[in-house]
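This report refers to the structure that appears directly beneath it.
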C-alpha cells in the first residue's frame, strides 16, 4: 500500500469537513441528495456516453494502482538483464529458458521467450514495441477517464447550483426559505469542484505518472533484450542501460 496516497485521500475529505465547520456551517449542510445525483450520477452518465464499457472497466481496475502502485526499480531490472547476458554468454540463449518460468510479468516473459527462440534483433524489437505501444494506449485511455471526470464534474456542479437557485426563486414570497435554499444550491458546486480538484484530476495525473514509469521499465527491457540478442558484452549493456537511471 502507498501511505502517501491514502493520507492524501483522507486529508482531502477532512479538509472539506473541517473547512465547513470553521466557516460556521455544519457537516449536515454538506449533504444534499439532489446535488449528489446531479454531480455524481451526472458525471457517471457523461463517462458512459463517452467511453466504451471495456475502457471504463479497465479504468476501475487501474484505481487500485493509486493505492497499491506496481514496483518500479530500474536498477534492479538492469541488474537482472546483466545476469541474463552473462548466462547467455556462458550457456547460449537456450540457457535463458529456465529464467522464463521465474517471471511473473508477461511482457518480460515474452521478451525472454523471443530471445530463446533465436529471433532476429529487429524482429524482437518490433514485436515488443507493438506490445508496449498497445499497453500504453490502453492504460492512458483508462487514466483519461478520471481526467474527463474532472472536467465534467465542475460543470455539472454549476448546473446543480443553477437548478437549486431556480427552486429558490420560486419561493421568494417566503424569506425564511431563502437562506437554506441558497446554501443547498451551492452544495452542488462544492461537490463538482471538490470531486474534480481533490480526487479525479490528481488521480489522473498519478496514473499517468505510473504509466510513464512502467513504459520506461519496458523500454529498458527492450533495449536489454536486443543487446543480448546482438551478443553485446555485459559491460557494454550495463553502460548503455545506465543512461535510463540519469
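One residue is enough: does segment 156-169 have a residue meeting the conditions at pLDDT 90 or above, crowded, with 18+ Cβ neighbours inside 10 Å and under 24 Å from residue 69 (Cβ atoms)?
no
For the subset of segment 98-115 comprising residues that are in a helix (DSSP H, G or I) and without any contact (Cβ under 8 Å) to a residue 12 or more places away in the chain, which member is surrounded by the fewest Cβ atoms within 10 Å (Cβ to Cβ)? Walk me through how you get there before you give the answer.
Pass one, segment 98-115, residues in a helix (DSSP H, G or I): 98-100, 106-115.
After this cut, where a residue has to be without any contact (Cβ under 8 Å) to a residue 12 or more places away in the chain as well, the list is 98, 106, 109.
Details: 98: 12, 106: 10, 109: 15.
Applying the filter and picking the extreme gives 106.
Suppose we filter 118, 92 for residues that are over 24 Å from residue 242 (Cβ atoms) and in contact (Cβ under 8 Å) with a residue 12 or more places away in the chain; which single one remains?
Working: 92 fails: in contact (Cβ under 8 Å) with a residue 12 or more places away in the chain.
When all the criteria are applied, what remains is 118.
Report whether or not residue 17 is touching a helix residue (DSSP H, G or I) at 6+ places or on another chain (Cβ under 7 Å), in contact (Cβ under 8 Å) with a residue 24 or more places away in the chain and within 20 Å of residue 196 (Cβ to Cβ). Walk me through how you get there before you give the answer.
On the way: touching a helix residue (DSSP H, G or I) at 6+ places or on another chain (Cβ under 7 Å): yes; in contact (Cβ under 8 Å) with a residue 24 or more places away in the chain: no; within 20 Å of residue 196 (Cβ to Cβ): yes.
Taking the combined requirement at face value, the residue does not satisfy it.
May I ask you to list the residues in segment 1-33 that are in a helix (DSSP H, G or I), modelled with pLDDT of 85 or more and closer than 22 Å to residue 166 by Cα?
Once the filter is applied, which keeps residues that are in a helix (DSSP H, G or I), modelled with pLDDT of 85 or more and closer than 22 Å to residue 166 by Cα, segment 1-33 yields only 33.
Please work out which one of (1) touching a helix residue (DSSP H, G or I) at 6+ places or on another chain (Cβ under 6 Å); (2) within 20 Å of residue 220 (Cα to Cα); (3) in contact (Cβ under 8 Å) with a residue 40 or more places away in the chain is the condition residue 192 fails and give its number.
(2)
Among the residues of segment 34-53, what is the count of those that are in contact (Cβ under 8 Å) with a residue 12 or more places away in the chain and either assigned to a helix (DSSP H, G or I) or under 21 Å from residue 166 (Cβ atoms) (or both)?
Initially, segment 34-53 is screened for residues in contact (Cβ under 8 Å) with a residue 12 or more places away in the chain, giving 34-36, 38-40, 42-43, 46-47, 50-51.
If we keep only those that are either assigned to a helix (DSSP H, G or I) or under 21 Å from residue 166 (Cβ atoms) (or both) too, we end up with 34-36, 38-40, 42-43, 46-47, 50.
Selection size over segment 34-53: 11.
Got at least one residue in segment 54-63 being under 16 Å from residue 231 (Cβ atoms) and either part of a helix (DSSP H, G or I) or under 21 Å from the mean Cα position of the chain (by Cα) (or both)?
Within segment 54-63, the first condition is being under 16 Å from residue 231 (Cβ atoms), and the residues that meet it are none.
Scanning segment 54-63, I find no residue that is under 16 Å from residue 231 (Cβ atoms) and either part of a helix (DSSP H, G or I) or under 21 Å from the mean Cα position of the chain (by Cα) (or both), so the answer is no.
Looking at 83, 95 in this structure, which one is exposed (fewer than 15 other Cβ atoms within 10 Å of the Cβ) and in a helix (DSSP H, G or I)? Steps first, answer last, please.
On the way: 95 fails: exposed (fewer than 15 other Cβ atoms within 10 Å of the Cβ).
Being exposed (fewer than 15 other Cβ atoms within 10 Å of the Cβ) and in a helix (DSSP H, G or I) holds for just one of 83, 95, which is 83.
For segment 74-83, which positions are touching a residue at least 60 places away in the same chain (Cβ under 8 Å) and within 21 Å of residue 215 (Cβ to Cβ)?
Residues of segment 74-83 that are touching a residue at least 60 places away in the same chain (Cβ under 8 Å), as a first pass: 74-75, 77-78, 81-82.
Result: 74, 75, 77, 78, 81.
The values are calculated or read from the model by the stated rules, or taken from the named source; none is laboratory data. Since the structure is predicted, the reported quantities are computational estimates derived from the model, not experimental observations. No Cβ is skipped: glycine too gets one built from the backbone with ideal geometry, and neighbour counts run over all protein chains shown.
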